[in-house]
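See structure below.
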Amino acid sequence: MRNAYALLGVAFIIVFGGAFVILNTAQAPTNKTEEVPTNLIKKINTTMKLSSEAFQEGSLIPAKYTCSGENINPPLSFGGLPENTKSLVLVVDDSDIPQEIKEKMGIDKFDHWTVYNIPANTVLIEAGTLAGTTGLNTRGEAQYTGPCPPSEYEPTTHRYSFRLYALPELLMFEGTPTLDVVEAAAQEIMIEKAELVGLYSKVSG
């Protein structure tokens, strides 16, 4: 009889001990980290760049590209364009025009250049060249007109904003659009935007 109780006790210890080990193993923390295969990681470039070999951000635009020189557009380089870009828009304006000019002409800024439907594979617009369709500047001309700040008004140094838009489609207009019309259409569907600001004054240029 004693042997029977002894065997029963041993069996109980074995069963209880095995269950304890299994429970602890199931609850034990793991330090293993699952790694994502590198071929499933997609790196996305979201930094579009607009630059010029003629001037740096916030620096003076050479007189060659203004009304004091050849009055041709400066060279411009595009980089980091989104993969799904179908066309580009480029606009240039000056919002530092004198208050007297604003009131006289009924404008808030002077539009210098409007270009749309620039091919998506364009990475460089060379000086004095055109790529795309040209809209109107403030003078009502479908062409580039360079910086020409009046020296008799303050500030004599103006900021010229070059803005580039990457779009998923072409733009269509009836007639020749103004800068504001083109930019408004671009802003509605743009994928990404870049900006380059140059300075100019007839005194320093």
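The table below lists the values:
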read-out: Listed residue (182, 168, 147) projecting farthest to the positive dipole end of the range 88-205, Cβ model; value: 147
read-out: Cβ crowding within 10 Å averaged over residues, with 61-70, 181-190 ranked highest first; value: 61-70, 181-190
read-out: Label-point separation in nm, residue 159 to residue 130, each point 7 Å along Cα→Cβ; value: 3.0
read-out: Total charge dipole magnitude, the range 49-200, about the Cα centre, Cβ charges on Lys, Arg, Asp, Glu only, Debye to nearest 20; value: 240
read-out: Cβ-Cβ FRET estimate between residue 174 and residue 195, R0 fixed at 25 Å, reported to 0.05; value: 0.30
read-out: Cα centroid separation, the range 57-78 to the range 102-135 (Å); value: 13
read-out: Relative contact order (%) - criterion: Cα under 8 Å, at least six apart; region: the range 96-205; value: 28
read-out: Environment charge at residue 107 (Cβ cut-off 14 Å; Lys +1, Arg +1, Asp -1, Glu -1); value: -4
read-out: Assigned charges on the beta-carbon of Lys, Arg, Asp, Glu; the range 110-205 dipole about Cα centre (debye); value: 260
read-out: Ranked list, fewest to most other Cβ atoms within 10 Å of each Cβ, for 48, 172; value: 172, 48
read-out: Range of Cα positions in the range 49-200 per principal axis (Å), largest first; value: 46, 33, 22
read-out: Segment residue 152-residue 67, length gained on full extension (0.36 nm per residue, minus Cα span); value: 29.0 nm
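Bear in mind these aren't lab numbers, they're just calculated from the coordinates by the rules spelled out. For clarity, every value in this text was computed on a predicted model and none was experimentally measured. In this analysis, Cβ positions are derived from the backbone assuming ideal geometry, glycine residues included, and neighbour counts consider all displayed protein chains.
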